[in-house]
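The values are calculated or read from the model by the stated rules, or taken from the named source; none is laboratory data. Since the structure is predicted, the reported quantities are computational estimates derived from the model, not experimental observations. Please note: Cβ atoms are built from the backbone with ideal geometry, for glycine as well, and neighbour counts cover all protein chains shown. The protein model used for the area step is the full one, side chains on, heavy atoms only, and it has no ligands, DNA or RNA in it. Shrake-Rupley method; radii C 1.70, N 1.55, O 1.52, S 1.80 Å.
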Amino acid sequence: KAILLVHGLNDSPFTFHDIANDLANKGFYVQVLLLPGHGSKPQDLFLPNFSDWEEIVYHYSSMLRENYESVWLGGFSTGANLVTSYTLEYGGIDGLLLFSPAFLSKATFFEYFSRYLPKNIDFREFTNQTNLVRYESAPFNGLKLYSESAINVRRLFSKSDITIPSVISISQHDSVINSKKIRDEYFKKFTHKDSRLIWFGDATTNFPKTYDLNMNLPEKHISSASHMSITFKADNFYYGKNGIKRICHNGLGDLAEEICNSTNQIWYGAWADDSNGMPHARLTWNPYYEFMMNIVFD
């Protein structure tokens, strides 16, 4: 059995550092893609077209299908869009693992509008990169490619359902995707009896085949789950609770960022979450990681 894992926009294979090792320990042959335009410098995201991303997912998915009896696909954010689109279009996949799937953003107008802007347009600066495993800023073309992935997967969903076992993990307070609509509308498209939704939030959804995990955890100084937190263990050496990377640039302003960088009395949450008035950094690990992986392997 084999699995192909695909990261999201601006990210890298490090997204699956913990998950890939756990899958390998359970007997999977694991491949993790590096999408074109990533893994070097942000300006390289000017280069790819959406077809480049589609073709690399097609190539490695098809190659695994030729060599293994059972093939799964997994993806984070934009990567979840790409592997879901492949499954809907070509079939032949035995299961899906989707983390923060970006089927629908919180700015759908922007998704459609961005397709008509020139590929080389940009307003960002790329020199101040301090994160070792992802781009902190990137060309506008990356957002155009994400938008194409979201529009494409929704087009395919309008024609057919996902009929294989799938585990979908989503944060209620995700600042990037419209998590509630993905839960309410798109999870209905996953029709297999063994499909599961893992909902990281603060309210009981009473949704079928759903695990509700409370993310209001004051004893852990956690207020909410972020878009990126789902895939990492608490002891991850880079993003974990005591890891070497703390993300204080979190949508709360310069003063909050300065306080975050200068104190150990910090709270963690989704982008722009300061619900209790305390200084917050981005939550970069999953306090329920082991529970989530037990659902995957169940």
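Data for the structure
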| item | result |
| --- | --- |
| Cut-off 9 Å between beta-carbons: net charge of the residues surrounding His173, Lys and Arg +1, Asp and Glu -1 | -3 |
| Positive-end residue of Ser229, Ile93, Thr163, charge dipole of the chain with Cβ unit charges | Thr163 |
| The chain - mean residue ellipticity at 222 nm from DSSP helices (-39,500 (n - 2.57) per run, n ≥ 4, rounded to 500) | -8500 deg cm²/dmol |
| Electrostatic dipole magnitude of the range 67-188 [Cβ: Lys, Arg +1; Asp, Glu -1; Cα centre; debye, to 20] | 360 debye |
| Prolate/oblate/rounded label for the range 83-148 (Cα gyration tensor, a/c 1.5) | oblate |
| Å² per residue, accessible surface of the chain at 1.4 Å | 45 Å² |
| Cα gyration tensor category, rounded, prolate or oblate, for the range 10-167 with a/c compared to 1.5 | oblate |
| Fraction in percent of alpha-carbon pairs per bin - 10 Å, the chain | 6, 28, 37, 23, 5, 0 |
| Top of Lys193, Lys119, Lys181 by mean-square fluctuation, Gaussian network on the chain, Cα under 10 Å | Lys193 |
| The range 209-253 and the range 172-208: distance between their alpha carbon centers, rounded to Å | 19 Å |
| Order by protection proxy (mean Cβ within 10 Å, highest first), peptides 44-51, 163-170 | 163-170, 44-51 |
| Test item: Cα-centred dipole of the chain, Lys/Arg +1 and Asp/Glu -1 on Cβ, debye | 440 debye |
| Accessible carbon and sulfur surface of the chain relative to its total accessible area, %, 1.4 Å | 50 percent |
| By average C-beta atoms within 10 angstrom, highest first, the peptides 243-251, 260-268 | 243-251, 260-268 |
| Over 22 Å between alpha carbons, listed pairs Lys106/Lys144; Lys119/Lys180; Lys144/Lys189; Lys181/Lys245; Lys180/Lys245; Lys41/Lys180 | Lys119/Lys180; Lys144/Lys189; Lys181/Lys245; Lys180/Lys245; Lys41/Lys180 |
| Charge sum, other residues only, whose C-beta stays under 10 Å from Asp194's C-beta, Lys/Arg counted +1 and Asp/Glu -1 | +2 |
| Highest-fluctuation residue, Pro139, Pro208, Pro101 considered, GNM on the chain with Cα pairs under 10 Å | Pro208 |
| GNM result for the chain, Cα springs below 10 Å: residue of Ser171, Ser179, Ser137 fluctuating most strongly | Ser137 |
